[in-house]
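Okay, so here's the structure we're looking at.
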Amino acid sequence: MRHMSTDPNLLDDLIARGLMQDTTDLEALAQRLKEGPISVYCGFDPTAQSLHVGNLIGLLTLARFQRAGHRPLPLAGGATGMIGDPSGKSSERNLLDDDALAANLAGIVPILRQFVDFEADENPAKLLDNRAWTISVSILDFLRDVGKHVTVNQMVAKESVKNRMEGADGISFTEFSYMLLQANDFAWLFENEGVEMQIGGSDQWGNISLGVDLVRRRTGGKAHALTWPLLVRKDGTKYGKTAGGETLWLDAAMMSPYRFYQTWMQSEDDELRKLLLWLTFLSIDEVDAVVAEHAEAPHVRLGQKRLAKEITSLVHGVDAASGAIEASEAVFGGAPVEALSAMTFEILADELPTTNVDRSRLDVDDNLVSLLVEGGVAKSKSEAGRLLDQNGISFNDTKISSETVATRADLQHDRFLLIRKGKKSMFLLDFGGPS
RNA sequence: GGGUCGGUGCCCGAGUGGCCAAAGGGAGCGGACUGUAAAUCCGCCGGCAUCGCCUACGUAGGUUCAAAUCCUACCCGGCCCA
């Protein structure tokens, strides 16, 4: 009852946004939140050097809790991440070594910082690594302190396990045990960090609720949990990748802010409301206003622009978002390429796939196909030829044919050649300045 | 361990000596229409700057004028028996 500064509308807001899938006793949770700040944790497995859009809701929800006056604890699962999810058919993954794990953590932490505040005065976020309390636990201790409180019947009854047991591939003991590690995390945090709540995607519900049970059996305490629905497209597929199969990384080095921005720009009208509610901090009223305005004139793509700007700003910061917007306006805004400033091209060079090419390649007969391949426009000369036959390639704003030769006259600012493939794909060749 | 069926292009899946770079579907790409949308229609979709040649149908050999298709060995997967 120290701070009464918590936002009483948090739960209602989450529910209204559609971010509530499963919870433990909702009334008890509401009551607990009313009493003051709660410590809430959400796990992120450091299996790669960056998080991806699948982690976005978790990041945002932690942030929503912090904004509402609670204490967010992101957990980078050094222990669970080391073991990994062995569901793939190939050989079981070995423990990640310390170096790989450290590298992955180093990549993830800056992204976490983008969302939660570790320096706040009242309720700073705290980064957790479950390896700290898991690495030294002996197997006998584990069996006594965790296994003893859980029945196999209970574990087998979990949806995720049931599916795997009925399937042809079965489930390894390691993966079967995974939920115990996660439950142990929750119990440990409850006892040692005062963490009373865990949140996660609905696919985590089994693991999370097992942790809630473990807390009760081991300490008699009452822990809370909440999951959100998984973010899927209309056709039911996951949101983690672009249509082309590219993973939507949150690290700018792994996916440029421009590509990231463009992905959201291409969202469907039907999904705008949900995406705005789930992936931005706009209030529900603001979202509805944007959606209504969008519906007035869908072709203006106001909703997509707002969505892309908000998410890109959250993930990459306002400056990077501005660069992405400027680049997008430059290539999609309708202005002729000739009108773009040298500075705009500098931005484009950062945002678009850009290839350095020697000036001697200009004004040479038959340089076209090889330039297209070098620039990444086509994977092979055959494909380049096909694209040309299909009228799919432009230099700057002009469609070109297989007879075209790239010349100095095509360069913008005597340096850059903008190549379009189809309508949405842009590439830049950088010939350097005149020497 | 024995038997049996199978392993085909990004995925699914036809093809059982020449007409096979390999049907069909999906994904993807380009074009038209558009709103950088959806739906629809058209085209493409191994490589070689391409009317011909090369590389491909689990791997390695073999038979044949000719093999994804037949033979042998091996590897991998499903099912049945033990």
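The values are calculated or read from the model by the stated rules, or taken from the named source; none is laboratory data. Keep in mind that this is a model prediction, so the values were computed, not measured. Here the Cβ is made from the backbone with ideal geometry for all residues, glycine too, and neighbour counts use every protein chain on show. For the accessible areas, the whole protein counts, side chains as well, though only heavy atoms, and no ligand, DNA or RNA atoms are used. Shrake-Rupley method; radii C 1.70, N 1.55, O 1.52, S 1.80 Å.
For the reader, a short list of remarks on this structure follows.
- Rg and Dmax of the stretch A:286-435, Cα atoms only, in Å: 17.6, 56
- Principal semi-axes of the equivalent ellipsoid, √(5λ) from the alpha carbon gyration tensor of the stretch A:10-228, are 26, 21, 17 Å from largest down.
- Amide hydrogen proximity for A:HIS52: with H placed 1.01 Å from N in the peptide plane, the residues at 5 or more positions away or on another chain lying under 5 Å are A:LEU250.
- Counted by Cβ distance under 12 Å from A:ALA327, the other residues give a net charge of -4, where Lys and Arg count +1 and Asp and Glu count -1.
- Positive-pole candidate from A:GLY78, A:GLY206, A:GLN266, dipole of chain A, charges at beta carbon: A:GLY206
- Oblate is the label for the stretch A:257-333. Its Cα gyration tensor axes, ordered a ≥ b ≥ c, give a/c of at least 1.5 and b/c at or above a/b.
- Protection proxy ranking of A:308-320, A:98-110, A:30-42, by the mean of other Cβ atoms within 10 Å over each peptide's residues and highest first, is A:308-320, A:30-42, A:98-110.
- Element breakdown for the stretch A:353-430 at a 1.4 angstrom probe: carbon and sulfur atoms account for 46% of the accessible area.
- Build a GNM of chain A with springs between Cα atoms under 10 Å apart, and of A:GLY323, A:GLY385, A:GLY43 the one that fluctuates most is A:GLY385.
- Probe 1.4 Å - accessible area at A:ARG113, Å² to nearest ten: 130 Å²
- Ranking A:ASP121, A:ASP397 from most to least accessible surface, computed with a 1.4 Å probe over the protein chains only, gives A:ASP121, A:ASP397.
- Distance from the C-alpha centroid of the stretch A:18-55 to that of the stretch A:121-159: 17 Å, rounded to the whole angstrom.
- The stretch A:302-324-the stretch A:338-410 distance, computed between alpha-carbon centres (Å): 28 Å
- In chain A, helical runs assigned H by DSSP with n ≥ 4 each contribute -39500 (n - 2.57); averaged across all residues and rounded to the nearest 500, the mean residue ellipticity at 222 nm is -13500 deg cm²/dmol.
- For the set A:ILE139, A:ILE325, A:ILE199, the ranking by accessible area, highest first and with no ligand, DNA or RNA atoms included, is A:ILE139, A:ILE325, A:ILE199 under a 1.4 Å probe.
- Each Lys or Arg adds one and each Asp or Glu subtracts one; over the other residues with Cβ under 14 Å from the Cβ of A:GLU286, this totals -1.
- Cα gyration tensor, the stretch A:353-430 - rounded (a/c under 1.5), prolate or oblate: rounded
- Per residue, chain A exposes 48 Å² of solvent-accessible protein surface, assessed with a 1.4 angstrom probe and all protein chains in place.
- Inverse mean reciprocal Cα-Cα distance (Kirkwood Rh) of chain A, Å: 24.5 Å
- Loop chymotrypsin sites (Phe, Trp or Tyr not before Pro), the stretch A:337-432 (other Cβ atoms within 10 Å of the site Cβ: 13 or fewer; DSSP): none
- Where both bridge residues fall in chain A, DSSP classifies roughly 50% of the beta bridges as antiparallel.
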